[in-house]
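**Student:** What follows is a single structure, and I will ask about it in a moment.
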Amino acid sequence: MKAIVATLSEIVGLFVDDGSLALAIIVFVGIVAALVKWALIPGPIGGALLFFGLVAILGENLWRSARRLHRH
């Protein structure tokens, strides 16, 4: 049973290494999708917003991870 739990944990870890990063991406994509669906912003602008927003989220996560590693 421990082997199964360890294997499942490793598989989940492949996709979700940092829970806050995954949550931020899911929330941001949901917000942009809602804005585009309800026609508050046009599709091409939504695509650009999605791209630059995800780059910003990833950059912030990398910066936070580097700071954490530098302290230890």
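**Student:** I'd like to verify a number: residues in region 1-44 that are surrounded by 12 or more Cβ atoms within 10 Å (Cβ to Cβ), β-branched (V, I, T) and part of a helix (DSSP H, G or I), how many?
**Tutor:** Of the residues in region 1-44, 5 are surrounded by 12 or more Cβ atoms within 10 Å (Cβ to Cβ), β-branched (V, I, T) and part of a helix (DSSP H, G or I).
**Student:** Still on this model: Cβ-Cβ under 6 Å, sequence separation 6+ or interchain: first residue in region 15-36 and at pLDDT 90 or above, partner exposed (fewer than 11 other Cβ atoms within 10 Å of the Cβ) and not hydroxyl-bearing (S, T, Y). Which pairs?
**Tutor:** The qualifying pairs are V36/G43.
**Student:** I'm checking my understanding of the structure. Among residues of region 45-54 that are surrounded by fewer than 15 Cβ atoms within 10 Å (Cβ to Cβ) and among the aliphatic types (A, V, I, L, M), which one is modelled with the lowest pLDDT?
**Tutor:** Ranking the candidates gives I45 first.
**Student:** Taking region 55-72 on its own, how many of its residues are exposed (fewer than 11 other Cβ atoms within 10 Å of the Cβ) and farther than 16 Å from G19 by Cα?
**Tutor:** 7
The values are calculated or read from the model by the stated rules, or taken from the named source; none is laboratory data. Quantities reported herein were computed from a predicted structural model and do not represent experimental measurements. Please note: Cβ atoms are built from the backbone with ideal geometry, for glycine as well, and neighbour counts cover all protein chains shown.
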